[in-house]
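Okay, so here's the structure we're looking at.
The values are calculated or read from the model by the stated rules, or taken from the named source; none is laboratory data. A quick note: this is a predicted structure, and the numbers were derived from the prediction, not measured. Neighbour counts run over all protein chains shown; Cβ positions are idealised from the backbone, glycine included. Surface accessibility is based on the protein's heavy atoms, side chains included, excluding ligands, DNA and RNA. Shrake-Rupley method; radii C 1.70, N 1.55, O 1.52, S 1.80 Å.
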Amino acid sequence: MTLAKGDLAPAFALPGVDGATHALDDYGDARLLVLAQLCNHCPYVLAWEDRLNAVAQDFADRGVRVVGLSSNDAEAYPEDSFDRMREHAAEKGFVFDYLYDEPQELARALGSERTPEVFVFDDERRLRYHGAIDDSREPGDVQRRYLRDALEALLADGEPPVAETAPVGCTVKWR
């Protein structure tokens, strides 16, 4: 079951492609925390990952931290292995932490269903937005920038114009 608006972010401590272990508390200084369910092989993630990287870059100096996580079963989908995550993050120039949720515990705690799928938490780490990054797989066809709009509203101490959207993408590949 997916987290509901207002629910607290689940605790985690996961290895990152940078060689460090990252925990929820490590992001305590962030005004907003975006947890993004990703992977390396899904064509939907590949279509949206540059936009997510741009969000991470554009909002970094405003106290927003974006954290990608991959939870797919790497035995069934070897392109989602931790080694491939490192390669992919380097190839794409990710400016956000990219974490490996091998036990799939964080994905289950979030209630993740799709890749990509984003969860935005406020400074109290309560869920304020959940769903899609925007409304189109094609960058030139985007009409609604759900994630950007939610971040802008929350940074202005307001409410996201839309608190939940249906994530569009591949299913999480469970063991």
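Residues in segment 56-94 that are touching a strand residue (DSSP E or B) at 6+ places or on another chain (Cβ under 8 Å) and part of a loop (DSSP other than H, G, I, E, B): GLY63, SER71, ASN72, PHE94. Can you find even one residue in segment 113-121 that is touching a residue at least 60 places away in the same chain (Cβ under 8 Å), over 13 Å from the mean Cα position of the chain (by Cα), under 20 Å from ARG175 (Cα atoms) and not in a loop (DSSP other than H, G, I, E, B)? No. Residues in segment 18-50 that are open to solvent by 40 Å² or more (accessible area, probe 1.4 Å), in contact (Cβ under 8 Å) with a residue 24 or more places away in the chain and either part of a strand (DSSP E or B) or not hydroxyl-bearing (Ser, Thr, Tyr) (or both): ASP18, ASP29, ARG31, HIS41, PRO43, ASP50.
Within segment 115-152, if we keep just the residues that are in contact with a Lys or Arg (Cβ under 6 Å, 6 or more places away or on another chain) and acidic (Asp, Glu), the residue that is nearest to LEU38 (Cα to Cα) turns out to be ASP134. Residue count for segment 3-17 satisfying the condition of being hydrophobic (A, V, I, L, M, F, W, C), open to solvent by 50 Å² or more (accessible area, probe 1.4 Å) and touching a His at 6+ places or on another chain (Cβ under 8 Å): 1.
Each row is one residue, and each column tells you yes or no for (1) touching a Gly at 6+ places or on another chain (Cβ under 8 Å); (2) open to solvent by less than 10 Å² (accessible area, probe 1.4 Å).
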residue: GLU91; (1), (2): no, no
residue: ASP101; (1), (2): no, yes
residue: ARG108; (1), (2): no, no
residue: THR115; (1), (2): yes, yes
residue: ASP123; (1), (2): no, no
residue: LEU127; (1), (2): yes, yes
residue: ASP135; (1), (2): no, no
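Filtering segment 101-112 to residues that are over 12 Å from the mean Cα position of the chain (by Cα) and either assigned to a helix (DSSP H, G or I) or in contact (Cβ under 8 Å) with a residue 12 or more places away in the chain (or both) leaves ASP101, GLU102, GLN104, GLU105, ARG108, ALA109, GLY111.
Restricting attention to segment 122-136, the residues that are farther than 18 Å from ALA4 by Cα and touching a residue at least 40 places away in the same chain (Cβ under 8 Å) total 1. Taken over segment 3-54, the criterion of being polar (S, T, N, Q) and within 14 Å of the chain's Cα centre (by Cα) is satisfied by GLN37, ASN40, ASN53. The residue that is least open to solvent (accessible area, probe 1.4 Å), among those in segment 137-172 that are assigned to a strand (DSSP E or B) and in contact (Cβ under 8 Å) with a residue 60 or more places away in the chain, is CYS170. Of the residues making up segment 84-96, one or more are of a type outside the set (Phe, Trp, Tyr), at negative phi and touching a Ser or Thr at 6+ places or on another chain (Cβ under 8 Å).
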